[in-house]
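We did not get these values from a lab; they are worked out from the coordinates using the rules stated. For clarity, every value in this text was computed on a predicted model and none was experimentally measured. Positions of Cβ are generated from backbone atoms using ideal geometry, with glycine treated the same way; all protein chains shown enter the neighbour counts.
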Amino acid sequence: MKTFQYTIQDKVGIHARPAGLLAKLAKGFAGTKITITKGEKSVEVTKLMMLMGLGVKCGDTVTFTAEGPDEDAAAEAVMKFMSENL
């Protein structure tokens, strides 16, 4: 299991466009479960509406967890995506 934290830099937070792209990226790692946690709530990144429902805003720190056969590559890809887009 790979885990990392990220603090949102985007002024709008996690909104529709980057959430959709993040979900699409995560779906590319079949068999690897990628979750995002904000406070007490955790959701799978591939579940777009639940991801948007977290209400992640600018300045919030979230935790990502990747678990499965491609967890190293998945965590690295998500970390890169977040730093470039959010």
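Limited to the range 27-86, what total is found for residues that are acidic (D, E), assigned to a loop (DSSP other than H, G, I, E, B) and surrounded by 14 or more Cβ atoms within 10 Å (Cβ to Cβ)?
Residues in the range 27-86 being acidic (D, E), assigned to a loop (DSSP other than H, G, I, E, B) and surrounded by 14 or more Cβ atoms within 10 Å (Cβ to Cβ): 2 in total.
For the range 23-74, the set of residues classified as of a type in the set (D, E) and either in contact with a helix residue (DSSP H, G or I) (Cβ under 9 Å, 6 or more places away or on another chain) or over 14 Å from I8 (Cα atoms) (or both) consists of E40, E44, E67, D70, E71, D72, listed by residue number. Of all residue pairs spaced 6 or more apart or on separate chains, those with beta-carbon atoms under 9 Å, a first member in the range 4-15 that is within 7 Å of T61 (Cα to Cα) and a second member that is among the aromatic types (F, W, Y) and not in a loop (DSSP other than H, G, I, E, B) are Q5/F64; Y6/F64.
Selection over the range 1-22 of residues that are of a type in the set (K, R) and in contact with a helix residue (DSSP H, G or I) (Cβ under 6 Å, 6 or more places away or on another chain) gives a count of 1.
Taken residue by residue, the range 3-25 has no member that is surrounded by fewer than 16 Cβ atoms within 10 Å (Cβ to Cβ) and at positive phi.
Take the conditions (1) in contact with a Leu (Cβ under 7 Å, 6 or more places away or on another chain); (2) under 19 Å from A73 (Cα atoms); P18 misses just one of them, which is (2).
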